[in-house]
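Report on one structure; see the data block that follows.
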Amino acid sequence: MKTYNDIYMNTRTVLRQRGIEAFNQEARYIVAAAAGKTVEELLRDMKLYASNQIEERVLDYTARRLRGEPVAYITGTWEFYGLPIITNSNVLIPRVDTEVLVEQSVELLMGKKMNARILDLCCGSGCITCALAHELPATRLMAIDISANALEVCRQNLTANRLSSRVLCMQTDVLSAPPLGIGEFDMIVANPPYIASGELNSLDPSVKDYEPIWALDGGEDGLKFYRAIIKYWKALLPVGGYMVFEVGEGQAEPVREMLSSAGFDETGTKKDTLGIDRVVYGKM
């Protein structure tokens with residue numbers, strides 16, 4: 001029998017040799033998931049012996065990863081803004097870039113509107129909703145997506161992170177007018193599909209072959225959802241309300257101009273860790 005550390009080191013070596021960039025992190029996730037442990041529990045138990053069944057499960061998970069399947073789908077969970085987020089093929093895997101959207105949203109509300117009502121459009125897994133609800137405990141939120149399967153994952157994450165009491169989930173299409181009677185919101189956030197349709201085939205196979213394409217396809221120029229959200233959903237913002245978007249590389253200025261043309265003041269952008277303008281926001 002091998003220790004958890006032995007299995008981890010072997011897995012790490014295989015992933016590194018096959019060119020997996022985040023081989024350290026992914027090896028930890030794979031071994032922890034195979035053992036039914038959190039990463040913290042795995043690190044605590046590294047010197048303990050693992051069963052043959054766990055070792056076989058690690059080998060199976062590793063083989064799936066080497067075939068291209070994202071580790072977040074293999075393990076069924078991923079971390080976002082310090083929170084565990086359930087993931088499966090019905091939702092996009094949370095990206096660290098999206099944490100910039102959460103940071104900017106919190107910054108806009110902190111000390112000004114701590115009990116804000118927030119609307120998360122195209123919520124997917126609910127990672128943004130969960131992070132905002134966790135960081136701003138006096139807020140109330142609504143999470144909207146067109147996919148019933150995505151909303152089910154969102155509800156699971158709200159329950160797992162004990163946030164369900166302040167969040168309402170609703171299935172609707174953000175490309176059309178909002179349902180009647182959902183009220184006003186102090187902030188609307190959205191990480192909508194923003195990949196231009198013609199660029200989808202050029203995405204990394206781990207994305208295009210596994211993640212839901214409908215959650216990536218932003219139309220001919222990648223801006224279809226921004227136009228619709230600004231057109232139809234800004235009516236839900238009172239004077240002083242904010243709209244905050246995540247955008248793709250090169251899209252910040254066109255989206256900021258859309259907000260300005262729609263009557264938003266104090267528009268701005270925020271860069272991600274690579275220096276790319278990743279978030280665009282405006283105030284009504």
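The values are calculated or read from the model by the stated rules, or taken from the named source; none is laboratory data. Bear in mind the structure is a predicted one, so any value in this text is a computation, not a measurement. Ideal geometry is used to build each Cβ from the backbone, glycine not excepted, and the neighbour counts take in all protein chains shown. All accessible areas refer to the heavy atoms of the entire protein, side chains included, with ligands and DNA or RNA removed. Shrake-Rupley method; radii C 1.70, N 1.55, O 1.52, S 1.80 Å.
Of the accessible area of the chain, with the probe set at 1.4 angstrom, what percent is carbon plus sulfur?
So the carbon and sulfur contribution to the accessible surface is 49 percent.
Top to bottom by accessible area (1.4 Å), largest first, where do LEU119, LEU274 land? Working shown, then result.
Details: LEU119 0, LEU274 140 Å².
In descending accessible area the options line up as LEU274, LEU119.
Can you tell me the alpha carbon radius of gyration of segment 22-77 divided by the globular rule-of-thumb value 2.2 N^0.38 Å?
1.05
Antiparallel as a % of all DSSP beta bridges within the chain, to the nearest 5?
That works out to approximately 45 percent antiparallel.
Could you pull the Rg and Dmax for segment 134-219, using just the Cα atoms, both in Å?
My reading of the Cα-based Rg and Dmax gives 15.2, 43 Å.
What angle do you read, to the nearest 10 degrees and between 0 and 90, between the alpha-carbon axis of helix 52-66 and the longest principal axis of the chain?
Once rounded, the angle reads 50 degrees.
Let me have the 222 nm mean residue ellipticity of the chain computed from DSSP H runs of 4+ only, each contributing -39500 (n - 2.57), with the sum over all residues rounded to the nearest 500.
-11500 deg cm²/dmol
Considering only C-alpha atoms, what is the centroid distance from segment 7-84 to segment 193-237, in Å?
Cα centroid of segment 7-84 versus Cα centroid of segment 193-237: 31 Å apart.
Hey, what's the chain come to in accessible area per residue, 1.4 Å probe, Å²?
Accessible area per residue, the chain: 47 Å².
If R0 is 35 Å, what FRET efficiency do you get for ARG18 and LEU168 from their C-beta distance, rounded to 0.05?
The value I calculate is 0.20.
Could you give me D for segment 136-282, from Stokes-Einstein at 4 °C and 1.567 mPa s, where the hydrodynamic radius is the Kirkwood radius over C-alpha pairs? Units µm² s⁻¹, please.
78 µm²/s
I want to verify a result. In a Gaussian network model of the chain, Cα cutoff 10 Å, which of these has the top mean-square fluctuation: ILE230, ILE118, ILE86?
Taking springs between Cα atoms under 10 Å, the residue moving most is ILE230.
For a 22 Å ceiling on Cα separation, which of these pairs sit above it: LYS113/LYS234; LYS234/LYS271; LYS112/LYS224; LYS2/LYS37; LYS208/LYS271; LYS37/LYS208?
Cα-Cα > 22 Å for LYS234/LYS271; LYS112/LYS224; LYS208/LYS271; LYS37/LYS208; rest within.
Rounded, prolate or oblate: which fits the chain when a ≥ b ≥ c are the square roots of the eigenvalues of the alpha-carbon gyration tensor, with rounded for a/c under 1.5 and prolate only if a/b beats b/c?
Judged from the Cα gyration tensor, the chain comes out prolate (a/c at least 1.5, a/b above b/c).
Picking from VAL91, ALA138, GLY68, whose Cα lies most toward the positive end of the charge dipole for segment 56-173 (charges on Cβ: Lys, Arg +1; Asp, Glu -1)?
So the residue we want is ALA138.
Of the candidates THR75, THR62, THR13, which one comes out as most mobile in a Gaussian network treatment of the chain with C-alpha springs shorter than 10 Å?
THR13
Quick one: angle between helix 23-35 and the longest Cα principal axis of the chain, in degrees between 0 and 90, rounded to 10, please.
Its long axis makes an angle of about 70 degrees.
With the chain treated as a Gaussian network of Cα nodes joined by springs under 10 Å, which of GLY36, GLY68, GLY268 yields the largest mean-square fluctuation?
Most flexible of the set in this elastic network: GLY36.
According to the square roots a ≥ b ≥ c of the eigenvalues of the Cα gyration tensor, what is the shape class of segment 125-184, taking rounded for a/c under 1.5, prolate for a/b larger than b/c otherwise, and oblate for the remainder?
Because a/c hits 1.5 or more and a/b fails to exceed b/c, segment 125-184 counts as oblate.
Report the relative contact order of segment 20-151, percent, no decimals, based on alpha-carbon pairs under 8 angstrom and at least 6 residues apart.
17 percent
Could you order VAL167, VAL102, VAL239 by accessible surface area, starting with the largest, using a probe radius of 1.4 Å?
Greatest to least solvent exposure: VAL239, VAL167, VAL102.
Quick one: helix 148-160 against the long Cα principal axis of the chain, what's the angle to the nearest 10°, folded into 0 to 90?
70 degrees
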